[in-house]
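Colleague: Could you have a look at this structure, given as structure tokens, before my questions?
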Amino acid sequence: VARAPYRLAPSELKELSEQQKELSEKGFIRPSSSPRGAPVLFVKKKDGSFRMCIDYRELNKLTIKNKYPLPRIDDLFDQLQGSSVYSKIDLRSGYHQLRIREEDIPITAFRTRYRHYEFQSKNKEEHGEHLKTILKLLKDENLYAKFSKCDFWLNSLQFLGHVIDSSGIHVDPAKIEAIKSWAAPTTPTEVRQFVGLAGYYRRFIKEFYLIAKPLSKLTQKGKPFIWGNNEEEAFQTLKRKLCSAPILSLHEGSEDFVVYCDASLRGFGAVLMQREKV
């Protein structure tokens with residue numbers, strides 16, 4: 001797979017030169033003679049700086065898929081039961097700290113305007129013990145954390161688009177602000193984007209699928225895009241419910257669970273509760 005370099009703005013070219021120099025000096029990349037080459041693009045990070053990304057989409061189509069099972073997000077939340085303090089550790093340029101097999105290096109080649117390169121390379125006491133274990137593991141494996149992006153002993157933590165604290169799981173306030181200002185969709189793609197975001201938080205919305213049904217129909221192939229009263233009502237209802245989403249509790253132990261079910265000709269649903277808490 002070989003692609004021509006993407007066109008970059010002057011500010012991005014300057015950033016490209018600086019980041020390539022840094023990667024080369026650290027030994028993460030080297031000049032390449034590989035017949036392959038992927039283009040480079042930049043993505044702005046939360047702090048305003050730029051992350052250099054290699055567009056490996058064409059290469060990904062030819063690689064053997066990794067079948068390692070990713071954990072379910074709701075399972076990760078379940079593991080937080082009984083927690084009251086949180087810490088997070090972010091590896092500095094994490095991908096650059098993982099060594100690539102020598103025979104695979106040529107296929108990682110990327111092209112820029114400057115050169116052709118390739119890569120080489122639950123309680124406080126328990127929480128304290130877990131931190132010691134993780135930090136020792138990072139040290140033993142020569143993995144380096146970015147201190148400015150690490151937080152320790154927090155009472156609340158942003159986690160996968162949510163905020164976690166001792167009271168339970170909240171929708172991330174930043175996402176709520178984005179939802180408040182979301183304009184009514186005018187194309188199937190825009191509907192799909194909104195329903196995708198709302199669907200990620202569907203566990204916070206009772207009867208989500210019934211409410212979203214008029215919007216979901218607009219994304220079906222061959223269906224004309226007609227935005228009427230039903231679609232507008234569904235859109236505004238989802239926005240309102242997301243902006244006033246309840247706090248979902250983290251379960252405690254394995255007792256006193258009750259499953260509440262509801263069904264009709266239009267759909268069915270269920271919710272797991274413990275001591276009257278969702």
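Read-outs throughout are calculated quantities, based only on the coordinates presented, and are distinct from any laboratory measurement. This is a predicted model, so every value here is computed, not measured. FYI the Cβ positions are ideal-geometry reconstructions off the backbone, even for glycines, and counts take in every protein chain you see.
Colleague: Can you tell me the dipole magnitude for region 148-278 around its Cα centre, using point charges on the Cβ only (Lys, Arg +1; Asp, Glu -1), in Debye to the nearest 20?
Modeller: For region 148-278, the charge dipole is close to 580 debye.
Colleague: Here is a further query. If we sort 173-180, 142-149 on the protection proxy, mean other Cβ atoms within 10 Å, highest first, what's the order?
Modeller: Descending packing order for the listed peptides: 173-180, 142-149.
Colleague: Turning to a different aspect of this structure: Cut-off under 27 Å on the C-alpha distance; same-chain residues fewer than 8 positions from Lys221 excluded. Which lysines are left, in chain and number order?
Modeller: Lys61, Lys213, Lys239
Colleague: As a quick test, which of the pairs Lys26/Lys88; Lys67/Lys206; Lys180/Lys217; Lys88/Lys206; Lys146/Lys180; Lys44/Lys217 have an alpha carbon distance above 28 angstrom in this structure?
Modeller: Lys67/Lys206; Lys88/Lys206; Lys146/Lys180; Lys44/Lys217
Colleague: What FRET efficiency do you get for Glu255 and Arg192 if R0 is 41 Å and r is their Cβ-Cβ distance, rounded to the nearest 0.05?
Modeller: Step by step, r from the Cβ atoms, then E = 0.50.
Colleague: On a straight-distance basis, which aspartates and glutamates could pair with Lys149 in a cross-link, Cα separation under 15 angstrom, same-chain partners fewer than 8 positions away excluded?
Modeller: Answer for Lys149, where 15 Å is the Cα cut-off: Asp47, Asp90, listed by chain and number.
Colleague: While we're looking at this one, here's another question. How big is Rg to Rh over region 201-278, alpha-carbon atoms, Rh as the Kirkwood inverse-mean-distance radius?
Modeller: 1.08
Colleague: Magnitude of the Cβ-charge dipole of the chain, K/R +1 and D/E -1, about the Cα centre, nearest 20 debye?
Modeller: Dipole about the Cα centre, nearest 20: 1120 debye.
Colleague: Would you mind checking the radius of gyration and Dmax of the chain based on alpha-carbon positions, in Å?
Modeller: Values for the chain (Cα only, Rg and Dmax): 23.6, 65 Å.
Colleague: Using a Förster distance of 35 angstrom, determine the FRET efficiency expected from the C-beta separation of Asp90 and Lys221, and round it to 0.05.
Modeller: Plugging the Cβ-Cβ distance into 1/(1 + (r/R0)^6) gives 0.30.
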